[in-house]
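The values are calculated or read from the model by the stated rules, or taken from the named source; none is laboratory data. Computed from a predicted structure; not experimentally measured. Methodologically, a virtual Cβ is constructed for each residue, glycine included, from the backbone with ideal geometry; neighbour enumeration extends over all protein chains shown. We work out accessible area using only protein heavy atoms, side chains counted, and drop any ligands, DNA or RNA first. Shrake-Rupley method; radii C 1.70, N 1.55, O 1.52, S 1.80 Å.
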Amino acid sequence: MHGSAAIDFQPRWQEEFDPCVGPPSNCVNGLRTSLWNFEFGDGSRYGPGTIGWGNGEAQCYTRDRRNVRAVKQAGGSPGVLVIEAHFSPSGFPCTSDTSSAVDATATAAVGAGATGSATTGPAFSDAPTTRYWSSGRITTRNKAAFMWANASSAVKVEARIKFPQELGAWPVFWMLPDTPRNDCLACGAYGNGWCTSGEIDIAETRNRDPRIRSTLHFGGLKDQPWLDCKFATADYADLAGRLSFWTRVSVVWAADSIIFAVNDTVVQSIPSASWYTGAAPDKAARPSAPFDQPFHLLLDLAVGGAFPAAQFFPGGGASLVTDTARAPYRMLMDWVRVYDQVLAGVPAA
């Protein structure tokens, strides 16, 4: 962002996943509710087009401790987030109110047909569907969001992760526009749906593929945000087979560029001239749009869906390819840290 000028990284926010202890109003599964939200269900609560989270995914997200938790130690590191995908041979009913795959049957018996959020419920049915995989997704939506502080700085978002290497596994560390709304999945300042407000996929893997993918999503049409979507994507090839080890992934996001890296190796650098939003066609007036708004964090482990299936069925027609004998699948995250990247000797704004 400043050529060869010396830069500093000044800490802004961090989560070390040291498990908390306290009442459920403050602490769930060792995670602080002041920082994290738990996502529930199969995406149905956001509309019929997002069943399977819009990608044909198989899992039902819960806040069951076996699916998502912070623990004192895992993978040889202290304070670790564990997200596990479990297979249930007999299946279980999944709704947007499903907090646990274990007690889903009882939940469905007393609350079948519940209508999503208690504050802004969608206008469609949330009748339970049968799911065979449960997993976890946590977000900082409406609790912690980030962007560059000013036009002469950047924000760096970095995490240390162990990725699963299993058929159908789709772990993701990503960012979406922040919003106080709870009736939409990817809405933001530039539209009510994906992709006009943008998406930043810092790192995702699939199946047993030894590559980490980083992608920037943008474009869309003003009145139809899901049409004419564009993306810039690149892969980091882990030819040494280290994906099962701890790996650092990051994005450095400035007004004029977005740079993805793995273990400090740049995967791709995207200039702002390459991205746009259909909701703000005057590029000169909003040169950084849609990436001129705060974005929140998402951490999840999906099972199946279009991305893992495309490795085996590149022509489309997503099929679920998993190895239930190797369940549960496990994703570990040691920490997430956010920095202001500024000129050396110049404090962050």
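Scan the stretch 261-283 and give yes if some residue there is among the acidic types (Asp, Glu) and crowded, with 17+ Cβ neighbours inside 10 Å, otherwise no.
Taking the stretch 261-283 as the starting set, the residues that turn out to be among the acidic types (Asp, Glu) are 264, 282.
Within this subset, residues satisfying the condition of being crowded, with 17+ Cβ neighbours inside 10 Å are none.
No, every residue in the stretch 261-283 fails to be among the acidic types (Asp, Glu) and crowded, with 17+ Cβ neighbours inside 10 Å.
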### Message
Residues that are in contact with an Asp or Glu (Cβ under 7 Å, 6 or more places away or on another chain) and under 28 Å from THR324 (Cα atoms): does the stretch 4-27 have at least one?
### Response
no
### Task
Looking at (1) touching a Gly at 6+ places or on another chain (Cβ under 7 Å); (2) assigned to a strand (DSSP E or B), find the lone condition where ALA279 falls short.
(2)
### Condition met for ALA284 (in contact (Cβ under 8 Å) with a residue 60 or more places away in the chain, over 30 Å from VAL71 (Cα atoms) and of a type outside the set (S, T, N, Q))
no
### Task
Determine, yes or no, whether PRO24 is farther than 21 Å from MET333 by Cα and open to solvent by 50 Å² or more (accessible area, probe 1.4 Å).
yes
### Query
Can you name the residue in the stretch 294-325 that is buried (at least 18 other Cβ atoms within 10 Å of the Cβ) and assigned to a loop (DSSP other than H, G, I, E, B) and, of all such residues, is modelled with the highest pLDDT?
GLY304
### Message
Every residue in the stretch 176-206 that is within 19 Å of LEU299 (Cβ to Cβ) and part of a loop (DSSP other than H, G, I, E, B), please.
### Response
ASP178, THR179, ASN182, LEU185, ALA186, TRP194, GLY198, THR205, ARG206
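Kindly indicate the residue of the stretch 134-175 that is among the aromatic types (Phe, Trp, Tyr) and not in a strand (DSSP E or B) and also nearest to THR196 (Cα to Cα) among those meeting that condition. Steps first, please.
Going residue by residue through the stretch 134-175, those that are among the aromatic types (Phe, Trp, Tyr) are 146, 148, 163, 170, 173-174.
If we keep only those that are not in a strand (DSSP E or B) as well, we get 148, 163.
Values: TRP148: 19, PHE163: 29 Å.
Applying the filter and picking the extreme gives TRP148.
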### Message
Taking the conditions exactly as written (among the aromatic types (Phe, Trp, Tyr) and open to solvent by 10 Å² or more (accessible area, probe 1.4 Å)), does TRP246 satisfy them or not?
### Response
yes
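Name the residues in the stretch 40-80 that are among the charged types (D, E, K, R) and in a loop (DSSP other than H, G, I, E, B), would you? Break it down into steps so the answer makes sense when it comes.
First, the residues of the stretch 40-80 that are among the charged types (D, E, K, R): 42, 45, 57, 63-66, 69, 72.
Within the stretch 40-80, ASP42, GLU57, ARG63, ASP64, ARG65, ARG66 qualify.
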### Task
Provide a single number: the residues in the stretch 197-236 that are open to solvent by 30 Å² or more (accessible area, probe 1.4 Å), of a type outside the set (S, T, N, Q) and within 17 Å of PRO171 (Cβ to Cβ).
6
#### Entry: Exclusive hit being in contact (Cβ under 8 Å) with a residue 60 or more places away in the chain, over 16 Å from the mean Cα position of the chain (by Cα) and buried (at least 21 other Cβ atoms within 10 Å of the Cβ), set VAL252, VAL336
VAL252
#### Entry: Criterion (open to solvent by 20 Å² or more (accessible area, probe 1.4 Å) and touching a residue at least 40 places away in the same chain (Cβ under 8 Å)) met by exactly one of ALA74, ALA6
ALA6
